[in-house]
Amino acid sequence: DAAIAAVVKREPLIKASVEKERFEATLHDEMNSTEIAKNGLGNVDKARLKKSIDILVKANKLPRTPAVDEIYTDKFMPPVADLPKKLF
């Protein structure tokens, strides 16, 4: 509710009830993926990230392809076993 109130304060023309429904849908439908169940919330599948980097480099004609370790580190993450596997 506090998040929705902050959004409404910033943009008073929106409807809080609609935004709350959208927020809850995002949490339930998009934040409870099989990837989170497998890797844990906040963790990254490095092979998938590599594919994403490759796509961006090609699409934007970047001069070089950065390594995954230049983009992401898990050094600040708790052990994978301790990560939440679902939100609800």
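Every read-out reported here was derived from the displayed coordinates using simple, explicitly stated rules and does not represent laboratory data. The structure presented is a predicted model; accordingly, all values stated were derived computationally and were not measured. When we count neighbours, we look across all protein chains shown, and the Cβ atoms used for this are built from the backbone with ideal geometry, even at glycine.
Can you tell me the mean projection area, over all orientations, of the convex hull of the chain's alpha carbons? Units nm², please.
8.4 nm²
What is the local net charge at residue 24, summed over the other residues whose Cβ is closer than 12 Å to its Cβ (Lys, Arg +1; Asp, Glu -1)?
My count for the surroundings of residue 24 gives -3.
Just in the chain: which trypsin sites (Lys or Arg not before Pro) are loop by DSSP and have at most 16 other Cβ atoms within 10 Å?
Taking the chain and a limit of 16 other Cβ atoms within 10 Å, the loop trypsin sites (Lys or Arg not before Pro) found are 15, 61, 64, 75, 85, 86.
What translational diffusion coefficient, in µm²/s and rounded to a whole number, does the Stokes-Einstein relation yield for segment 40-88 at 37 °C and a viscosity of 0.692 mPa s, taking the hydrodynamic radius as the Kirkwood radius over Cα pairs?
Calculated translational D: 265 µm²/s.
Answer with one residue from 80, 2, 68: the one whose Cα lies farthest towards the positive end of the charge dipole of the chain, charges on Cβ with Lys, Arg +1 and Asp, Glu -1.
About the Cα centre, the residue reaching furthest to the positive side is 68.
Suppose every K and R has +1 on its Cβ and every D and E has -1 on its Cβ; what is the size of the dipole of segment 40-88 about the Cα centre, in Debye to the nearest 20?
With Lys and Arg at +1 and Asp and Glu at -1, about 240 debye.
Longer than 28 Å from Cα to Cα, which of 50/85; 51/75; 20/61; 9/75; 15/85 are they? Say none if no pair is.
Checking Cα-Cα distances, 20/61; 9/75; 15/85 exceed 28 Å.
Rounded to the nearest 20 debye, what is the charge dipole size of the chain about its Cα centre when +1 sits on each Lys and Arg Cβ and -1 on each Asp and Glu Cβ?
For the chain, the charge dipole is close to 340 debye.
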